[in-house]
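The values are calculated or read from the model by the stated rules, or taken from the named source; none is laboratory data. Predicted model, so just to flag it, every value in this text is computed and none were measured. Here the Cβ positions follow ideal geometry from the backbone for every residue, glycine too, while neighbour counts run over all protein chains shown. What goes into the accessible areas is simple: the full protein's heavy atoms, side chains included, and nothing from ligands, DNA or RNA. Shrake-Rupley method; radii C 1.70, N 1.55, O 1.52, S 1.80 Å.
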Amino acid sequence: MTPKPYRVFVAIMFCWLIALGTPPDASALMAEKTLSPYFFIENGEENVDRIPLKSTRVTAKINGVIAQVKVVQHYANEGSRPIHARYVFPASTRAAVHGMRMQIGEQVIVAQIQERRQAENTFQTAKKAGQSTSLLTEERPNVFTMKVANIMPGDNVRIELSYTELMVPTDGTYEFVYPAVVGPRYSTVPEAGSDDHHQWLKNPYLKAGRDSAATFEMDVRLSGGMEIQEVSCPSHLTHVDWEDGSRASIALSPEEKNGGNRDFILRYHLAGEKIQSGLMLYEGEEENFFVLMIQPPERVTPQAIVPREYIFVVDVSGSMNGFPLNTAKTLLRNLIGALRPTDRFNVVLFAGAAQALSPQSLPADPGNLARATRMIDHERGGGGTELRNALETALSTPRIEGVARSVVVVSDGYISVERDVFGLIKQHLDQTNFFAFGIGSSVNRHLIEGLARIGQGEPFVVSDVQSAPSAARRFQRYIESPLLTDIRIEYDAWETYDLEPERLPNLFADRPLVICGKWRGQPTGEIRISGMGGQGNYTQTLSLHHMKDAHNHNALPYLWARARLARLSDFNTATETEETREAIVNLGLTYHLLTPHTSFVAVDETARNTSETGEEVDQPLPLPKGVSHLAVGGGHNVPEPGLVFMSALLCLGGLAAWVRRRHRPRKRDRRHGTAPIEASPR
């Protein structure tokens with residue numbers, strides 16, 4: 001029997017609602033839309049106008065413990081229309097960005113540092129006037145936005161950035177990291193009314209497995225100051241050319257021209273795994289600066305270690321799908337497998353919600369360890385990244401008197417609410433230490449390092465499955481005992497001030513203490529370092545009599561300013577006051593430094609775009625290597641017309657098939673009384 005028309009109509013509407021959900025008011029949807037990343041939609045020939053970034057070339061010179069880095073980005077407009085381009089890119093969390101230049105043809109324009117709002121106004125004014133202009137802003141300590149306006153057809157524009165950073169070894173290993181791509185950030189920040197520090201979150205991404213059209217080049221000149229024992233690059237294929245035992249040049253292999261989808265990681269050891277501890281001085285025209293690096297004592301494991309509790313908080317969200325989650329599983333199996341019988345532990349898995357292994361921590365016996373392993377092995381990765389909820393779940397686990405608690409976070413860090421999480425950790429510092437394992441080829445190092453720094457722990461980054469066991473062993477060595485506590489530094493006859501950090505943390509890892517500061521007068525006398533070590537009182541003395549300032553240490557003002565900025569802004573968990581904001585602005589303007597409130601802007605004085613038109617282009621980023629397409633999306637977006645049309649076709653197709661089945665003649669089955677539908681010959 002043919003279905004009645006109203007039944008057909010009801011069926012169509014039912015299918016439509018299933019496909020699209022109940023359609024609320026469109027304006028309400030737009031108001032609730034979040035700043036989620038999205039996939040770049042390719043449009044055939046128009047893509048010629050949509051790929052202004054052609055290449056990124058990085059040149060790093062590492063002398064001793066100071067790295068001077070230049071990043072050159074090449075933009076080219078190969079289309080027929082003027083372009084205004086925006087590009088999001090990362091940098092090291094320790095980078096002190098102190099210079100920018102713009103080159104158009106043979107003309108070079110040196111960028112000026114301005115207060116952020118003033119720089120934005122300068123950029124917009126030049127853009128409207130048809131002048132070629134560029135603007136560099138900081139969105140996070142490790143995420144920058146570059147805007148370039150009025151790129152004319154045929155233009156080749158080169159933007160050069162300069163930054164410096166301090167190389168601080170851990171376990172005798174020096175590591176230079178250049179983050180090459182910004183991973184997508186899970187965000188619940190509403191797009192409507194969000195400030196300019198959040199707008200970058202809404203950025204287009206290429207589909208998983210698609211390489212960026214922009215090439216990536218890396219050249220490093222390494223001068224260790226003493227014999228270099230070993231150089232390795234676990235992230236990329238490289239060529240190493242040795243000038244002598246203490247100097248080497250490292251370059252990417254030609255097949256890595258599209259290697260900009262993951263962090264570049266270079267590691268090296270000095271002969272005998274020595275650490276270049278000591279004092280570096282710089283005497284400037286108005287201020288003098290120093291950096292003090294103090295070699296820690298040798299690790300001594302106490303005979304008795306207090307009972308400990310470890311709560312492992314593991315990210316199983318969409319961005320962890322595939323390689324990152326598989327790496328996290330290997331890491332967790334190694335971490336819990338190394339626990340002592342006297343330890344207790346728990347596991348909290350999180351995506352959009354948090355799930356605990358047990359309401360309370362369990363003894364680290366074989367049965368409970370196997371139970372935890374089964375729990376993580378069943379995960380496949382999917383959903384949002386609600387880290388705060390997971391940390392609250394972990395911290396609400398009942399405490400046991402006399403047991404030291406540590407929370408170990410395992411994640412790629414692809415969230416946007418770092419400061420909110422830092423504030424939660426700071427509230428529990430008297431009860432818990434926090435450690436962080438970043439998993440993946442391009443982790444959010446600001447979050448991973450911040451979790452550990454604020455939580456008085458240590459960050460670990462695991463870039464592949466093979467390195468997970470060694471990372472677990474390093475963590476085990478790290479937590480066995482503190483190297484030095486109750487640290488004091490006394491400067492004998494030397495006037496020092498504006499020291500960073502203000503408070504010296506306990507020293508756990510085989511990592512030197514680093515103090516940046518300013519000084520007056522003559523550096524004479526001694527520096528005495530004291531504390532409590534594994535074998536009792538510890539004292540180290542450093543004489544200043546033979547110390548001299550060095551003009552090649554002109555990076556020290558930037559390093560001091562970057563250390564001060566970290567305290568004021570990077571890991572500051574309190575609501576920013578007007579006084580703090582003013583201090584950050586003064587810091588940026590005085591030391592020509594990129595900060596959250598100061599930006600670089602360059603303007604070509606010639607009005608080149610007389611048509612006053614131009615296409616706005618958001619440069620799409622490649623997904624980091626190993627990151628699934630499930631990392632992109634989220635937020636309540638209004639369905640696109642194409643999706644609506646395809647959904648309708650699918651619904652109507654399904655309805656038509658149902659009608660045909662209902663209308664076909666049926667005949668008796670010799671065995672069971674009915675038979676499959678068979679069409680009668682016509």
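Relative contact order, percent, of the range 365-483 when contacts are C-alpha pairs under 8 Å separated by at least 6 residues?
Reported as a whole number, the value is 19 percent.
Scan around Val410 for amide H atoms under 5 Å from its own, H built in the peptide plane at 1.01 Å from N, and keep only partners 5 or more places away or cross-chain.
Val313, Val314, Asp315, Phe437
If we count every other residue with Cβ under 10 angstrom of Leu349's Cβ, Lys/Arg +1 and Asp/Glu -1, where does the sum land? Show your work: numbers first, answer last.
Details: positive: none; negative: Asp315, Glu379.
Cβ neighbours under 10 Å give a net charge of -2.
Roughly speaking, to the nearest percent, how much of the range 367-496's 1.4 Å accessible area is carbon and sulfur?
Carbon and sulfur atoms account for 45 percent of the accessible area of the range 367-496.
If the limit is 28 Å between Cα atoms, which of Lys147/Lys257; Lys127/Lys625; Lys70/Lys625; Lys61/Lys127; Lys54/Lys625 go over it?
Lys127/Lys625; Lys61/Lys127
With Cβ to Cβ distances under 14 Å as the rule, what net charge do the other residues near Thr133 carry (K, R +1; D, E -1)?
Once positives and negatives cancel, what remains is +2.
What nm value, rounded to one decimal, do you get for the distance between Glu287 and Arg488 when each label is placed 7 Å out toward the C-beta?
2.9 nm
Report the extension gain between Asn554 and Gln107 in nm, rounded to one decimal, defined as 0.36 nm multiplied by the number of residues separating them, less their alpha carbon distance.
158.2 nm
For the range 73-139, give the percent of accessible area contributed by carbon and sulfur heavy atoms, probe 1.4 Å, rounded to a whole number. Please list the in-between numbers first.
Working: 1150 of 2490 Å².
Whole-percent figure for carbon plus sulfur exposure: 46.
Could you sort 435-448, 70-83 so that the peptide with the highest average Cβ count within 10 Å comes first and the rest follow in order?
With the highest mean Cβ count within 10 Å placed first, the list reads 435-448, 70-83.
Residues with beta-carbon under 9 Å from that of Tyr75, excluding Tyr75: net charge, scoring Lys, Arg +1 and Asp, Glu -1?
With Lys, Arg at +1 and Asp, Glu at -1, the net is +1.
Highest first, please rank the peptides 215-221, 589-595 by the mean number of other Cβ atoms sitting within 10 Å of their residues.
On the way: 215-221: 19.3, 589-595: 21.0.
For the peptides 215-221, 589-595, the packing ranking is 589-595, 215-221.
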